[in-house]
Amino acid sequence: MTSVLTAVTHRHETALVSALEAAPGLTLVRRCADLAELLSTGAAGVARVAVVSPDLRGLDRDALRHLAGHGVRVAGLAAPQDEDGERRLRQLGVATVLRPEDDAATVGAALTALADGATSHVPEAADDGPPDPLPARPERPTPVTVVWGPGGAPGRSTVAVTLAAQLATAGVRTLLVDLDTWGASVSQLLGLVDEAPGVAAAARASEQGALDVPGLARLAPEALPGLRVLTGLPRADRWPEVRAAAVEDVLRLARSVADHVVVDTAAPLEDDEELSYDTMAPRRNAAALTALEAADALVVVGAADAVSLQRLVRGVQEVATLPAPPPTVVVNKVRAGVAGPKPERAIRDVLGRFAGLEDVRFLPWAADDCDAAVLAGRALPEVRPRSPLCLAVADLAAALDDRAPVVGARSRGARAGRRRRVRV
């Protein structure tokens, strides 16, 4: 028998209950009066399927994620004339929608199939709404590259912004997403309006089932040709607005906005053990953890000084325990002053001996170039396109996306930070 919960409006409840009671293979466990009762009953593990109506107060993507986490699959109930309600259900990720006039056999077959065939995740939402005004997507899948690094300001955001700008400069339509819930800085680096809605507005729309591809594109304006930016939280104390379910949805839709998605994340990855038992409680690091899980490529950034290298080793070990792709390790701010006359060789030896890291990329110290870019409120490729740092990141971009050209900037034995003439 398939156990069922309901949380629907009184208008259609009688017809649904009659169909459930007459349907073969179904048993109605509880008729919930509101979302809170539905969530608590679902968490008790007494049902496999829940039927909800689109006007259930408080129904959002996070509530569906909560139910899915307890093994409860969700179906919707919407009248044929309620097109807005059905659209909202589908955008929230509810793929099975019943009608009030469905007979017992139809209801039974639909809910039994849902209980038996659905996965533990909320199904992907259908993209409804007006036609996508963006250029047609390429046939190849859109990769998501997450830029992460341990604490201590190793230059995560600078690398993420420069990487995204280099991809855009190479003709790859790129979306840069700032998911740093501790200290978002992409908007400041690019001179964008600090009060822009950005990721907070996208997450809010996603929670309500109102976010689609054109809507996400509108929230991510172009900072330079080919580069859209979804700015981060204007204040760090607004982190509860960015929940895991919304991040999943934003990154899923982001693949339809651009040809490559670059995500800047915060350093902390700890999952609060006390809150982890309450799947409805917001967790500050959920955005970074969710991005790592959704990533196709991971760039781990550490600085070149002794303290930062130790943090980098521990950080690589930490992400290895998480559901994330194998990291591309990048050592930033490389200079002779912190690692000796041959810094790259010394750092490579240390990382190989103590962390088993053989393939490491190096980014030179370019403080003056970075200062000039921040002062201008523009990306480094716009201000200093031939900066050694800019060329090294271009080499990284080519390694992550074969549509970006190789410029030969990766140093092989050359002194870090030394300017070279490179023919592009």
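The values are calculated or read from the model by the stated rules, or taken from the named source; none is laboratory data. Fair warning: this is a prediction, and the values are worked out from it, not measured in the lab. FYI the Cβ positions are ideal-geometry reconstructions off the backbone, even for glycines, and counts take in every protein chain you see.
Odds and ends about this structure:
- Within the range 56-80, residues that are acidic (Asp, Glu) reach partners that are surrounded by 22 or more Cβ atoms within 10 Å (Cβ to Cβ) and in a loop (DSSP other than H, G, I, E, B) with beta carbons closer than 8 Å, at six or more positions or on different chains, in the pairs 60/209; 62/243.
- Under the condition of being closer than 21 Å to residue 248 by Cα and either surrounded by fewer than 16 Cβ atoms within 10 Å (Cβ to Cβ) or out of contact with any Ser or Thr (no Cβ under 8 Å at 6 or more places or on another chain) (or both), the residues counted in the range 287-312 number 5.
- Any hit, the range 302-323, residues being in contact with an Asp or Glu (Cβ under 7 Å, 6 or more places away or on another chain) and either in the same structural domain as residue 389 (by TED's automatic domain parsing) or at pLDDT below 95 (or both): yes
- Residue check, residue 2 surrounded by fewer than 16 Cβ atoms within 10 Å (Cβ to Cβ) and in contact with a strand residue (DSSP E or B) (Cβ under 6 Å, 6 or more places away or on another chain): no
Quick grid of which residues meet (1) in a helix (DSSP H, G or I); (2) acidic (Asp, Glu):
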| residue | (1), (2) |
| --- | --- |
| 166 | yes, no |
| 178 | no, yes |
| 184 | no, no |
| 199 | yes, no |
| 211 | no, no |
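- Extreme residue, nearest to residue 149 (Cα to Cα), among residues of the range 346-377 that are basic (Lys, Arg) and at pLDDT below 95: 348
- Matching entry among 196, 153, 184 (being assigned by TED's automatic domain parsing to the domain that holds residue 213 and surrounded by fewer than 18 Cβ atoms within 10 Å (Cβ to Cβ)): 153
- Among the residues of the range 371-411, those that are outside any helix (DSSP H, G or I) and over 23 Å from residue 141 (Cβ atoms) comprise 377, 378, 379, 384, 385, 386, 387, 407, 408, 409, 410, 411.
- Test: residue 331 is farther than 30 Å from residue 223 by Cα, touching a strand residue (DSSP E or B) at 6+ places or on another chain (Cβ under 7 Å) and of a type in the set (Val, Ile, Thr): no
- When the range 347-363 is filtered for residues that are assigned to a loop (DSSP other than H, G, I, E, B) and surrounded by 13 or more Cβ atoms within 10 Å (Cβ to Cβ), only 357 remains.
- Matching residues, the range 74-118, being of a type in the set (A, V, I, L, M), farther than 23 Å from residue 45 by Cα and surrounded by fewer than 19 Cβ atoms within 10 Å (Cβ to Cβ): 79, 104, 105
- The condition of being surrounded by 24 or more Cβ atoms within 10 Å (Cβ to Cβ), within 13 Å of the chain's Cα centre (by Cα) and farther than 15 Å from residue 92 by Cα holds for only one of 229, 247, 242, that being 242.
- Per-region count, the range 213-226, residues among the charged types (D, E, K, R) and outside any strand (DSSP E or B): 1
- Among the residues listed as 271, 264, the single one being in contact with a helix residue (DSSP H, G or I) (Cβ under 8 Å, 6 or more places away or on another chain) and surrounded by 16 or more Cβ atoms within 10 Å (Cβ to Cβ): 264
- Only a single criterion out of (1) modelled with pLDDT of 95 or more; (2) in contact with a His (Cβ under 6 Å, 6 or more places away or on another chain) is not satisfied by residue 42, namely (1).
- Residues that are surrounded by fewer than 20 Cβ atoms within 10 Å (Cβ to Cβ) and touching a residue at least 24 places away in the same chain (Cβ under 8 Å) within the range 368-384 comprise 374, 376, 377, 378, 382, listed in sequence order.
- Residue 315 farther than 27 Å from residue 249 by Cβ, small (Gly, Ala, Ser) and surrounded by fewer than 17 Cβ atoms within 10 Å (Cβ to Cβ): no
- Check on residue 220, in contact (Cβ under 8 Å) with a residue 12 or more places away in the chain and under 21 Å from residue 88 (Cβ atoms): no
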